[in-house]
Amino acid sequence: GEGATSKVWLGRFGPTRCEVAAKVVRKADMNEEELGWIRDEIAIHKRLRHPHVCTLHGALESPTTLTIVLALCRGGSLCDTMGRALETNSPIPEARLHSTFLQLCGALHYCHRHGVVHRDLKLDNLCWADQRERTLILIDFGYAATSNEQSNFAGSPAYAAPEVHHAIEPGGAPFVATATDVWSAGVCLFAMLATQLPFNGSEVRDHNPSPICDALPRVCLQPHRPHLLPPFPLRVRHPDLDCLPSTLIAEPFAQPQAPQETEEDLCALRAKVCAGVWDSQPQDRSEGALDLVTGMLQVDTDSRLTLDDVCDHAWVGGQDKIPWRGANERL
């Protein structure tokens, strides 16, 4: 827990006192630029209201803390689901993957139509609303942006598109962020189909604790559990929010840390991503699913499917199958 700038607590929010995840950031541990990033994230996230996007209920700022109040996802992440499938050698049926992918497309379609690119799509940022694992929720808008032209690296190397990797090179060209979201969604689909990532880096490991994800802090992925370390001094006093000091959900920097990738590992990963060379092919999957993931993982952005192309693909079933409407949208 040393050096942590935030912890996430179970709380109750609003007139109905619904359960929420309250992420409390200590402002003293962050500089003004870092606080600005958090405020930008809040400004972007609060615009979004969709059944498959994590709801931001509000943000509370005091002289010492900044608290982000989020919907509580109790079902774990898609990364955890795939980890169990890998550990038990039990690939998930394609019909279930199809339903899951439709929900991902719905969330992404909604974000793009409302001028938001996510920029960090990965299995660890796709969570289940509850332990039934039926409703998928897109979380973590820390890298999100409202401009479709980007020129810097953001996200996780194994999920980032080739043009994002090229952005770190001298003279790297600007790229279209919506296309990079499609690539990252393609990596997620590939992982669901194959139970492994297409481009192996250190983010793919034995199930300890999560085989297909890095060790970045997670906000609201697991059922709350009693904290093991001394309670974080909350200093949150607001009539709309009650935080319970005995119910710490996540203490990001106390989680087991993954081994650090070496520069050699990263270079090898970037080379495979930029060449579009998969480590293996998904086995025992339909031709339609393989055709779709191949179209999404095209290195050439002119050849890569757009999100509309993805939604119109025969395996997906067309735009009318996608839950693209937001909470306040009607036909």
- Query: Considering only DSSP states other than H, G, I, E and B, which chymotrypsin sites (Phe, Trp or Tyr not before Pro) in segment 111-177 qualify as loop sites with at most 16 other Cβ atoms within 10 Å?
  - Reply: 153
- In nanometres, what is the gap between the two model label sites at residue 284 and residue 329, each 7 Å from Cα along Cα-to-Cβ? 3.7
- With 0.36 nm assigned to each residue of separation and the Cα-Cα distance removed, residue 173 to residue 96 gains 23.9 nm
- Message: Take the residue pairs 46/272; 7/321; 122/321; 7/46; 7/272 and return only those whose Cα atoms are more than 27 Å apart.
- Response: 46/272; 7/321; 7/272
- segment 158-203 versus segment 6-62: alpha-carbon centroid distance in Å: 27
- Item | 5 angstrom amide H check on residue 50, placed H, neighbours 5+ away | 327
- Query: Pulled fully out, how much extra length does the chain show between residue 88 and residue 64, if you take 0.36 nm times their separation in residues and subtract their Cα-Cα distance?
  - Reply: 4.0 nm
- Query: What nm value, rounded to one decimal, do you get for the distance between residue 47 and residue 29 when each label is placed 7 Å out toward the C-beta?
  - Reply: 3.0
- Relative packing of peptides 112-119, 75-82, 31-38 - highest average C-beta neighbours within 10 Å first: 75-82, 112-119, 31-38
- Item | Amide H contacts under 5 Å for residue 18, placed H, 5+ residues apart | 13
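Read-outs: derived from the displayed coordinates by stated rules, not from any lab. Nothing here was measured: the structure is a model prediction, and the numbers come from that model. Glycine gets a Cβ as well: all are built from the backbone with ideal geometry, and neighbour counts include every protein chain shown.
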